[in-house]
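One structure is given below, encoded as structure tokens.
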Amino acid sequence: MNYTMTICMGEQLPKISNPTQDKIERAIDNLIPPNDHFIILCSEENVKNSSFIQTTMEANDSGESRYLLEIQFCYDKEYKQYAIYMKKIDKVKEIFLSYTSGILPDITGWNDITKKIFPTQKKKDRKKKL
């Protein structure tokens, strides 16, 4: 599978095609809490209906750093997006590296943020037309 990693550190840096494990880990290591720093890992072919995974680092109300991970799925013409906060950088790296091997994270317990991301998306009419 082919992947493209986009890194934004205040400005979008050149995209990296098929990033190595080292480049992915280094990009995650270099995240700092400003909200405009993020990493997106996109798959040219959907990974089990997922087109990308992304992360950013932020500080919570008590000043502790944490990572916000999001994953998006596309089913026909309907999108679903999920998010979770994580404190452990090793887990974030593991999820990104697994994604490049076609392994999706277990999203049990992740928050469904679809309505926030796609507020105008309408559910498909699944009624049979006569």
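Could you tell me which numbered condition GLN72 fails, if it satisfies all but one of (1) under 23 Å from LEU31 (Cα atoms); (2) assigned to a loop (DSSP other than H, G, I, E, B); (3) touching a Lys or Arg at 6+ places or on another chain (Cβ under 9 Å)?
It is condition (2) that GLN72 fails.
Every residue, every condition in (1) of a type outside the set (Gly, Ala, Ser); (2) in contact with a Ser or Thr (Cβ under 9 Å, 6 or more places away or on another chain), yes or no:
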| residue | (1), (2) |
| --- | --- |
| ILE39 | yes, yes |
| GLU44 | yes, yes |
| SER65 | no, no |
| TYR75 | yes, no |
| ILE107 | yes, no |
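For the stretch 27-42, does any single residue satisfy the condition of being touching a strand residue (DSSP E or B) at 6+ places or on another chain (Cβ under 6 Å), under 17 Å from LYS93 (Cβ atoms) and of a type in the set (Gly, Ala, Ser)? Step through it out loud before you land on a result.
First pass over the stretch 27-42, keeping only residues touching a strand residue (DSSP E or B) at 6+ places or on another chain (Cβ under 6 Å): 27, 31, 33, 37-42.
Going one step further and asking which of them are under 17 Å from LYS93 (Cβ atoms), we end up with 27, 31, 37-41.
Subsequent filtering for residues that are of a type in the set (Gly, Ala, Ser) retains 27.
Looking through the stretch 27-42, at least one residue is touching a strand residue (DSSP E or B) at 6+ places or on another chain (Cβ under 6 Å), under 17 Å from LYS93 (Cβ atoms) and of a type in the set (Gly, Ala, Ser).
Would you say GLU58 is in contact with a Lys or Arg (Cβ under 9 Å, 6 or more places away or on another chain) and loosely packed, with under 14 Cβ neighbours inside 10 Å?
Details: in contact with a Lys or Arg (Cβ under 9 Å, 6 or more places away or on another chain): yes; loosely packed, with under 14 Cβ neighbours inside 10 Å: no.
Considered against the rule, which asks whether it is in contact with a Lys or Arg (Cβ under 9 Å, 6 or more places away or on another chain) and loosely packed, with under 14 Cβ neighbours inside 10 Å, GLU58 comes out as no.
What residue, of TYR75, TYR3, is out of contact with any helix residue (DSSP H, G or I) (no Cβ under 6 Å at 6 or more places or on another chain), in contact (Cβ under 8 Å) with a residue 12 or more places away in the chain and surrounded by 13 or more Cβ atoms within 10 Å (Cβ to Cβ)? First the steps, then the outcome.
Working: TYR75 fails: surrounded by 13 or more Cβ atoms within 10 Å (Cβ to Cβ).
Result of the check over TYR75, TYR3: TYR3.
May I ask you to list the residues in the stretch 1-59 that are in contact with a Gly (Cβ under 8 Å, 6 or more places away or on another chain), within 14 Å of THR100 (Cβ to Cβ) and in a loop (DSSP other than H, G, I, E, B)?
Narrowing the stretch 1-59 to residues in contact with a Gly (Cβ under 8 Å, 6 or more places away or on another chain): 1, 34, 36-37, 47-48.
From what's left, within 14 Å of THR100 (Cβ to Cβ): 1, 47-48.
The answer is MET1, LYS48.
Any read-out appearing in this document is the output of simple, stated calculations on the displayed coordinates, not a laboratory observation. Note that this is a predicted model, so its numbers are computed, not measured. Because the Cβ atoms are built from the backbone with ideal geometry, glycine has one as well, and the counts that use them run over all protein chains shown.
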